[in-house]
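We did not get these values from a lab; they are worked out from the coordinates using the rules stated. Note that the structure is a prediction, hence the values are computed from the model and not measured. No Cβ is skipped: glycine too gets one built from the backbone with ideal geometry, and neighbour counts run over all protein chains shown.
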Amino acid sequence: MPEISVIVPVFKVEPYLHRCVNSILAQTYQDFDLVLVDDGSPDKCGKICDEFAEKDSRIHVIHQENGGLSAARNAGIGWALENSDSQWLNFIDSDDWVHPRYLEYLYKAATDNGVMISICDYVEINEHVQMHDVGYQAEVMRWELLFENNNVRAVVAWNKLYAKELFQSIRYPVGKLHEDEFLTYKLLHAAGGVAFVPMTLYFYYKNSESITSQIFSLKRLDVIEALEERTSFFKALGNADLIAFSAEQLLNSCFRYAGLIEESETVTDDKRKKAIDYLKKESAKTLLRYGIKCIPLKDHPQYYLFAFPGVTKIIKWCYKRIKGFHRSWSDL
């Protein structure tokens, strides 16, 4: 009976797929089944998946019409819930690869410490590297601490081992970019404590063909919706630190994406204005909802100027009278 179901969404990764799957098959922990989800890939990925399945009975292939990363992960989750006796789920992106100890240490960290999620460190890389053995260590922490101190490690879907029961009634949002921003915080909250393995066991390939590396698309603004939902979730929990943390991330994303849209040569003028107006509206709503207590004016004047351009002079006048302000307005 496999303990872990490893789910790999596959789409247009023909040059990298062998590297990914071979790194999984080379694991020191072998008690797993592997679900390769061919998400309507137009290249030879589907054939490569089938060839792997013919050689190893633990590999199961799902061929489906292209529905995006969330749809592919959801298909793998559904298969694991219905067809596997596994107790744990793991996600690996098909252009990435993992250390031979990846599953072993994540499983040990979760089971030894009695937690529902374990997490390892990762590195962004653009070439394959020689693998060196690493010793084991892990520490248990509250999910809030991990979220505040290691946000990227906390947010991404991969680099984690999840108790399968966490996905009984939850799935990734189909059709959304930044799908992990919509979901992972809910899983971490449900788990409570998590085990963090501080060794680099996951290798994130900086693929120039990946969705987030392509020419700017307004679909990337899905992250604003995700961060708004997350901030509201933290507000319902009543956690002031997480509210402030998430609200600041939301504002920073609005501010940053507005700059990217202004510089984009592919966004038409009408869509540019509509998108920036949307980002200003979301910024204003966030500042009004969570206020100066969570996002102090003295620390973040750029957000207030962006959200409320019509009251710039008033803000400047007030701000000059705030003790300890040393930043030049000419820098904003």
Dividing the convex hull volume of the alpha carbon atoms of segment 7-92 by its residue count, what do you get in Å³ per residue?
-> 86 Å³
Rounded to the nearest 10 degrees, what's the angle between the helix 222-237 long axis and the longest principal axis of the chain, both from Cα atoms, 0 to 90?
-> 80 degrees
Who wins for biggest fluctuation among Leu227, Leu251, Leu218 in a Gaussian network model of the chain, springs between alpha carbons below 10 Å?
-> Leu218
Charge context of Gln87, other residues only, Cβ under 13 angstrom, K/R +1, D/E -1 | -4
Okay, helix-only estimate at 222 nm for the chain: each DSSP H run of n ≥ 4 adds -39500 (n - 2.57), divide by all residues, round to 500 deg cm²/dmol; what do you get?
-> -14500 deg cm²/dmol
If you put +1 on each Lys and Arg Cβ and -1 on each Asp and Glu Cβ, how big is the dipole of the chain around its Cα centre, in Debye rounded to 20?
-> 2140 debye
What spacing in nm lies between the two simple spin-label points modelled at Asn22 and Gln130, each 7 Å away from Cα in the Cβ direction?
-> 1.7 nm
Nearby lysines by direct alpha-carbon distance to Lys44 (threshold 16 angstrom, same-chain neighbours under 8 apart not counted) = Lys12
Scoring only Lys, Arg, Asp and Glu (+1, +1, -1, -1) among other residues with Cβ under 11 Å from the Cβ of Glu282 yields +1
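What shape does segment 161-264 take by its C-alpha gyration tensor, where a ≥ b ≥ c are the square roots of the eigenvalues and a/c under 1.5 counts as rounded, a/b above b/c as prolate, and the rest as oblate?
Note, shape of segment 161-264 comes out oblate.
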Scoring the chain by relative contact order with C-alpha pairs under 8 Å, at least six apart, yields a percentage of 16 percent
So which of Lys235/Lys274; Lys186/Lys293; Lys47/Lys176 end up more than 30 Å apart by C-alpha?
-> none
Given C-alpha coordinates of the chain, what is the ratio Rg to Rh with the Kirkwood estimate of Rh?
-> 1.01
